1. Scan the range 85-131 residue by residue and report those that are closer than 30 Å to F161 by Cα and either touching a residue at least 40 places away in the same chain (Cβ under 8 Å) or among the aliphatic types (A, V, I, L, M) (or both).
2. Could you tell me whether the range 239-255 includes any residue that is touching a residue at least 40 places away in the same chain (Cβ under 8 Å), over 37 Å from the mean Cα position of the chain (by Cα) and away from the ligand (no atom under 13 Å from the Cβ)?
3. Between a first residue in the range 192-220 that is more than 13 Å from F319 (Cα to Cα) and a second residue that is open to solvent by 50 Å² or more (accessible area, probe 1.4 Å) and near the ligand (Cβ under 8 Å from one of its atoms), which pairs have beta carbons less than 8 Å apart while being 6 or more apart in sequence or on different chains?
4. I'm trying to understand the selection: among the residues of the range 285-306, which are part of a helix (DSSP H, G or I), within 13 Å of the ligand (Cβ to nearest atom) and farther than 15 Å from Q209 by Cβ?
5. Tell me, please, whether a residue that is under 26 Å from R198 (Cα atoms) and open to solvent by 20 Å² or more (accessible area, probe 1.4 Å) can be found in the range 291-299.
6. From the set of residues in the range 206-225 that are crowded, with 20+ Cβ neighbours inside 10 Å and more than 7 Å from the ligand (Cβ to nearest atom), which is nearest to M308 (Cα to Cα)?
7. Considering every residue within the range 277-284, establish whether at least one is open to solvent by 70 Å² or more (accessible area, probe 1.4 Å), within 10 Å of the ligand (Cβ to nearest atom) and touching a Ser or Thr at 6+ places or on another chain (Cβ under 7 Å).
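The values are calculated or read from the model by the stated rules, or taken from the named source; none is laboratory data. Keep in mind the model is a prediction, meaning the values are calculated, not measured. Because the Cβ atoms are built from the backbone with ideal geometry, glycine has one as well, and the counts that use them run over all protein chains shown. Note: accessible area is taken over every heavy atom of the protein model, side chains too, but ligands, DNA and RNA are not part of it. Shrake-Rupley method; radii C 1.70, N 1.55, O 1.52, S 1.80 Å.
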Amino acid sequence: MRERLQALKEEATEAIETVADLESLRELKVKYLGKKGELTGILRGMGKLSPEERPVIGSLANDIRGQLEELISEREASFEEKALSEKLHLEKIDVTLPGITHPVGSVHPLNLIIEQIEDIFVGMGFEVAEGPEIETDYYNFEALNFLKDHPARDMQDSFYFTPEMLLRTHTSPVQVRTLEAKEGYVPVRIICPGKVYRRDDDDATHSHQFTQIEGLVVDRGVSMSELNGVLLSFIEKIFGEGTEMRLRPSYFPFTEPSVEVDIYDPERGWIEILGAGMVHPRVLEKAGYNPERYTGFAFGMGVERIAMLKYGIEDIRHFYNNDLRFLRQFRSV
Ligand code: FA5
């Protein structure tokens, strides 16, 4: 039995020392030292030994087991170490390599100016309202006192889907929608930013799609002088203290009286930026407000024109060409 144990030790030692990987090493452990392994197999025959021999062989078997176990754990440790160093090598990070930069966009100048305008009016107690870009003839024209076949409809040449549906030509329909939703209650104090569409030929100051911000105030005793005060306050906030503003008489079917508002630009002279006026009694009445009791004013401004003046932009088409050299200039504004 002693020889068998010695032979086993030699065979196992050789196998463990030359094994190629961790998995095979674990198989060898089971093969030689496991419950059904070869060492246990040999020890099962101990019953046949003499009582004197038994402890000697038992102690030899234990020594062999201990030696093999030690050898196995050494090999295990060396395989694990090797695997770790290979992994570390593969995952090595070169901290000196230049990083991957993620380009950060910036807010579009039109949205930037819309946000500024919203902030100014919210500061004056206005709420922000919205309306659909695809409008009915009723809200875009009829309810605003543009009668059918009235020549005033030509003021805003339109993109029609059907005789009754069109792309809104201005944000004024939101006035009517808001009044209807408020069901006769006051005060009404809203601004409404949004896209509008007209069959205008594109040039440096006109676009077939542009942005307007509508304003509407309805309450008891609302007057033209309040309109003047709100607009002047807005203009000074957006263009700077002391910016000059003038009102010129104009015509809109939905306001009476109506005005066009210009501001003075030292380089270009007087420039029109918005239309405004006292809400026409017929518009109030159609939307369910008693014009004997309530009055209101409204205004509608072209956002591109305001941004062009504020930032000295020569051509409205810059807003829509998506030239990054243009857009990047507004990053830090
Ligand atoms: C209107 O659209 C009226 N709804 C404004 C209004 C509202 C008046 C409430 C009274 C009460 P107008 O057509 O003038 O008005 O357009 C208003 C502004 O839009 C103009 O002052 C101008 O700044 C801008 N605008 C008009 N057409 C174009 C265009 N094709 N491209 C860019 N901006 C434009």
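1. Hits for the range 85-131 are H108, L110, I114, V128, A129, E130, G131.
2. No; the residues of the range 239-255 include none that is touching a residue at least 40 places away in the same chain (Cβ under 8 Å), over 37 Å from the mean Cα position of the chain (by Cα) and away from the ligand (no atom under 13 Å from the Cβ).
3. Note: pairs meeting the criteria are Y197/H208; R198/H208; R199/H208; D200/H206; D200/H208; D201/H208.
4. I306
5. no
6. T211
7. no
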